[in-house]
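The values are calculated or read from the model by the stated rules, or taken from the named source; none is laboratory data. None of these values were measured; they are calculated from a predicted model. Note that we place each Cβ from the backbone using ideal geometry, even for glycine, and neighbour counts take in every protein chain shown. Please note that ligands, DNA and RNA were not included when accessible areas were found on the heavy atoms of the full protein model with its side chains. Shrake-Rupley method; radii C 1.70, N 1.55, O 1.52, S 1.80 Å.
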Amino acid sequence: MKQTYYPQEIEKKWMKYWDDNKVFKTENNSDKPKYYALSMFPYPSGKLHMGHVRNYTITDVIARFKKANGFNVLHPIGWDSFGLPAENAAMKHNADPEKWTDENISYMTQQLKMLGLSYDWDREVTTCKPDYYKWTQWIFLQLYKKGLVYKKEAAVNWCPDCGTVLANEQVIDGKCWRCDSEVEKKYLSQWFVKITEYADELLKDLDLLTGWGDNVKTMQSNWIGKSHGAIFRFPVIDAPSGEKMEVPVYTTRPDTVHGITYLVVAPEYKDIEKLTTAENKQAVEEYRANARKMSEIERLSTDRTKTGVPLGTHCKNPFTGETFPLWTADYALVEYGTGAVMAVPTHDTRDFDFAKKYSLPMKVVIQNPQNPSNCETEAYTEEGVLINSNEFNGMKNTEAKKAITQKAVDEGFGEFKTQYRLRDWLISRQRYWGAPIPVVYCDKCGIQPVPEDQLPVLLPKDVDFSVVGKSPITTSPTFKDTVCPVCGGHATREMDTMDTFICSSWYYLRYADANNDKECFNKDIVNKWLPVDQYVGGIEHAILHLLYSRFFTKALRDCGLLDFDEPFKNLLTQGMVLKDGSKMSKSKGNTVDPDEIFENYGADTARLFILSDSPPARDFDWSDAGVEGCYKFLNRVWRLVATNAENINLNYQLSSQLAKDNDDLVRAVHMSIKGITNDITNEFQFNTVISKYRELVNAIYDWQNLKMRSCGAACGSKTAGNEHSTAAVVTEAGAQGTEQSLIAQADNSYLTDEDKNVLSFAIISMLKLMSPVAVYLTEEAWHELGGEGSIHDQPWCKWDENLAKSSSITLVVQINGKVKDKIEVDAEISKEDMEKQALNSEKIKALTDGKTVVKVIVVPGKLVNIVVK
RNA sequence: GCUCCAGUGGCGGAAUCGGUAGACGCGUUGGACUUAAAAUCCAAUCGGGCGUAUAACCCGGUGCCAGUUCAAGUCUGGCCUGGAGCACCA
């Protein structure tokens, strides 16, 4: 075995070996229990970044740990390979996005292999390949058949830079999630997926997700935004046309209905023109035009003072008989509720601001009896008792909500209503590089789905990527015209492609049965592998991908394609990789290229470091010194094995009676096995796992130093050369027992047979424990020591509970809760002896002298606390 | 404004049940080895008492203020600070 660690050499060798021999292939059939470990698959942007390295290393270690613990592990990878960057790159260089994507995939595949990830590459899925998107289209058709996909004209989010519409979830602070440009409103006819039909189940089932962090669940719950309230319909008394009209409103505060002093409709409200008088028409039109012009950001800003104009018409409040004016104001949103708001300025801060500005009347209807408020300076939004509310006076407002709504129900002008903030998912994209939406528009028969036997609808190749302002797909001379599957007449194809989040909403199902060309996946196989036991990925998908995937699972379940309710049992959202306190990004120029780390230190160092300093869920601060430290540690591990290779026997025998120092080392190993196993099992605390690796390695070195020292004393000084050409001498000063002196003892003649057995046990255990992280080093060492097969097929180490603790403990003696003395005692000491020893300590005697011992608390195996007065 | 998370040395972070605060590492300092360096190894490293050193000892200390307890980084209540998410959703 070479005395020096050359990671580049051994890593290249094993990478090729594992790849050629498909070492990590997973069979669907096995007697072992299944375990599905999944990383969020990457977009093939060109190169891996450190976020990927962190994500995939975490999942890989989990997969390897589970495999060693007897599970049949599914650990797949693939490519979320449709999307804008490919198309933009193609436009820039007038090339084919497929070629760009393929090149990126092949480069990144090499990087993933280099990183030593234990993927079953036979299950690789690539969403932009026809053998995958055929099934994406097929699933679209199933949802269409079920009525979960529909087309409608709506105000949609338009990103001018990307030249396409976006889903609500893809608009962050009024900006496009991908390119950060300001989103505009457009009225377009678009395809939607009815995610709202599952709003309630998506919310309710969050409770089933005990393996998810509360932060993600809260975000989803807020996004779904369920609220309970009522719909009231207010008759219009003076509609200009003389028509009998009513304005329905949704409110969560039916208890305040007697306090309405005006009503607001959104500028885009559908009946607004019919509700505007001739005198007010011009002002209303101007206001609406202005609202249209305004950007989303401007409009949604809560800092902006509210504006609005009266329509000139009025409604009657059926509860009071009072009439109140109608206004339009842009603080009412057309997409939410009914697009109209009943305004109660006394009990709603927004209505209050608006009423103040336009001097609208106010009427107090809820009061805290202990501390009544006239609502002159601010709205009272807390609980209280009703006043000025006819027969409801004196009722608690929480009860009045129900009673008042019930009255509206009984009298026919209202109902109970549950409302969601969640909107349907807009999935049309006016772009080329996505899965074509499989429908045609027949001149006679209208919208017709493409028959399943005609799938996939392939992306045309004869397109011009240099066009500006429209989708390249529209330039294809062959794509557009087709025949109607119903009447055989002329039809045109849908030119829009699907949101790539559709593709990524079912890829984790495809992995279970990735090469099936008869169906999207076999139901039994998917039921066997799913749900995913551990999903690992970035928090940025807390809503987008994770909500869509949950929806897909439920929808596909209802299509009869699978039998479970939730796709991801446990979710680990890993923190960001930072450099100098901020997120690594090209624009900040603080990125670290994984290739450079592989080249300079090797993949094992990269893996070790990315796990070492922070727990997975927290942000990770990259430091070059930290990498260096990990590299040094692996060198230290290597030297430990290399210098002892001669003395390590894979078939070591441990006797039950060992010399004290040997017993201590054996115990240290058992403690490491226990600690490391527990740390991985509990929340994947890899940072402490790595601390424990270091502790174990330190313990083995310390043991060796001890052996050396006793030998140095017994057999005198020795010198010897070695590969480092550092000939060292064991001198009295060197009673420090330096590592050189150990290396110098190349013949290791100072070790007894018992020593060698203990050392073998320690080093073999160390290698097995480290094998999920330092995958290459441990494999190489395993073989150098004569190990058969792969160390990655070895079962996980077991510990003996009796040996997983040290033979002595430090008894802590406190007086009134403060540590005053520490005594080394036997680990098996009785409670009585603990107390006796503590009270007999000279220090304690001195300190308690002349005081009264009130109480003595003994915590077995830990401490004694003496309470004195 | 609402929701969630976090606050521990110079830094990253440890600390199953409330039971020795600061594991492990980085950095720094000193030392061994070397002609010298690199590498490696050994030691020290929360603050104060304590500006000669060494050893020993004492006191304080986990964002702040209270509380529970023999005992609080850990539990309870109230604040402060930072981060993330949502945000005119009626």
Can you compute the modelled spin-label distance between A:N600 and A:Q653, with each label point 7 Å from Cα toward Cβ, in nm?
5.0 nm
Give the distance, in whole Å, between the Cα centre of the range A:238-274 and the Cα centre of the range A:745-819.
76 Å
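Over 24 Å between C-alpha atoms is what I'm after, so list which of A:K194/A:K461; A:K185/A:K586; A:K274/A:K316; A:K12/A:K34; A:K186/A:K554 land there.
Beyond 24 Å: A:K194/A:K461; A:K185/A:K586; A:K12/A:K34; A:K186/A:K554.
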Inter-label distance, nm, simple model (7 Å from Cα along the C-beta direction), A:E399/A:T305:
4.3 nm
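For the range A:808-868, what proportion of DSSP beta bridges, expressed in % and rounded to the nearest 5, is antiparallel?
On the way: 14 of 18 bridges.
Counting DSSP beta bridges with both partners in the range A:808-868, the antiparallel share is about 80 percent.
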Chain A - percent of accessible surface contributed by carbon and sulfur, probe 1.4 Å:
49 percent
Potential extension, A:N678-A:V467 segment - 0.36 nm per residue separation minus Cα distance
70.1 nm
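Rule-of-thumb check for the range A:120-180: C-alpha Rg over 2.2 N^0.38 Å? Don't skip to the answer; put the middle values down first.
Working: Rg = 15.8 Å, N = 61, 2.2 N^0.38 = 10.5 Å.
After normalising by residue count via 2.2 N^0.38 Å, the value is 1.51.
Could you compute the net charge surrounding A:L759? Neighbours are other residues with a C-beta less than 12 Å from the C-beta of A:L759; K and R count +1, D and E count -1. Could you put the intermediate results ahead of the total?
Details: positive: A:K707, A:K756; negative: A:E646, A:D661, A:D753, A:E754, A:D755.
Combined, the nearby Lys, Arg, Asp and Glu give -3.
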Charge sum, other residues only, whose C-beta stays under 12 Å from A:P240's C-beta, Lys/Arg counted +1 and Asp/Glu -1
-3
Measuring from a point 7 Å past the Cα of A:K855 along Cα-to-C-beta, which residues in the range A:812-833 have an amide N at less than 16 Å?
A:814-818
Straight-line reach from A:K851: which lysines have a Cα under 28 Å away, not including same-chain ones fewer than 8 places off?
A:K818, A:K820, A:K822, A:K831, A:K836, A:K843, A:K862, A:K869
Cα centroid distance between the range A:348-422 and the range A:481-543, in Å?
48 Å
So what is log10(I(q)/I(0)) for the range A:762-869 at q = 0.10 1/Å, when the Debye sum runs over its Cα atoms only?
-0.51
Could you derive backbone 3J(HN,Hα) for the range A:313-329 from the dihedral phi with the Karplus parameters 6.51, -1.76 and 1.60 (θ = phi - 60°), listing whole Hz in sequence and x where the residue is Gly or Pro?
9, 9, 10, 10, 8, x, 6, 10, x, 6, 10, 9, x, 9, 10, 10, 8
When the convex hull of its Cα atoms is projected in every direction, mean area for chain A (nm²)
50.3 nm²
Where a Cα-Cα gap under 27 Å defines reach, which lysines qualify for A:K32, not counting those fewer than 8 residues away within the same chain?
A:K22, A:K66, A:K67, A:K113, A:K523, A:K528, A:K569, A:K674, A:K768, A:K798
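So if each residue of separation counts as 0.36 nm, and I subtract the Cα-Cα distance between A:K356 and A:K869, what length gain in nm does that give? Write out the running numbers ahead of the final one.
Working: separation 513, 0.36 × 513 = 184.68 nm, distance 6.67 nm.
Using 0.36 nm per residue and subtracting the Cα-Cα distance, I get 178.0 nm.
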If you plug each phi of the range A:391-408 into the Karplus form 6.51 cos²θ - 1.76 cosθ + 1.60 with θ = phi - 60°, what whole-Hz ³J(HN,Hα) values come out, in order, with x for Gly and Pro?
5, 8, 3, x, 7, 5, 5, 5, 7, 4, 3, 5, 4, 5, 4, 4, 4, 5
Average accessible area per residue (Å²) across chain A - probe 1.4 Å, nucleic acids and ligands excluded:
44 Å²
Using only the alpha-carbon atoms of the range A:180-303 as identical scatterers, what base-10 log of I(q)/I(0) does the Debye formula give at q = 0.23 Å⁻¹?
-1.30
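Quick check of the Kirkwood formula: for the range A:227-419, what is the inverse mean of 1/r over all pairs of different Cα atoms, in Å? Please list the in-between numbers first.
Numbers: mean 1/r = 0.0588 Å⁻¹.
One decimal place: 17.0 Å for the Kirkwood radius.
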Among bridges DSSP assigns within chain A, what percent are antiparallel (round to 5)?
75 percent
At a Cα cut-off below 16 Å, give the aspartates and glutamates reachable from A:K99, other chains included and same-chain residues fewer than 8 away excluded.
A:D80, A:E87, A:D462, A:D464
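Beyond 20 Å between alpha-carbons counts as too far, so tell me which of A:K146/A:K217; A:K270/A:K444; A:K129/A:K518; A:K25/A:K47 fall in that bin.
On the way: A:K146/A:K217 28 Å; A:K270/A:K444 30 Å; A:K129/A:K518 16 Å; A:K25/A:K47 25 Å.
Exceeds cut-off: A:K146/A:K217; A:K270/A:K444; A:K25/A:K47.
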Points 7 angstrom from Cα along the Cβ direction at A:N840 and A:K528: gap in nanometres?
6.6 nm
Round to a whole angstrom and tell me the spacing of the C-alpha centers of the range A:567-644 and the range A:74-92.
25 Å
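First select every other residue whose beta carbon is under 15 angstrom from the beta carbon of A:L547; then total the charges, Lys and Arg +1, Asp and Glu -1.
Values: positive: A:K194, A:K204, A:K217, A:K226, A:R421, A:R423, A:R550, A:K554; negative: A:E169, A:E197, A:D200, A:E201, A:D205, A:D424, A:D499, A:E540, A:D565, A:E566.
Computed value for this residue: -2.
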Could you give the length gained by full extension between A:D702 and A:A827, i.e. 0.36 nm per residue of separation minus their alpha carbon distance, to one decimal place?
42.8 nm
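In the range A:227-419, what % of DSSP beta bridges are antiparallel (nearest 5)? Before the final figure, lay out each step's value.
Details: 27 of 30 bridges.
Just about 90 percent of them are antiparallel.
Taking R0 as 60 Å, what FRET efficiency do you get between A:S295 and A:D19 from their Cβ-Cβ distance, rounded to the nearest 0.05? Each step should come with its number before you reach the end.
Details: r = 51 Å, r/R0 = 0.86.
Approximately 0.70, to the nearest 0.05.
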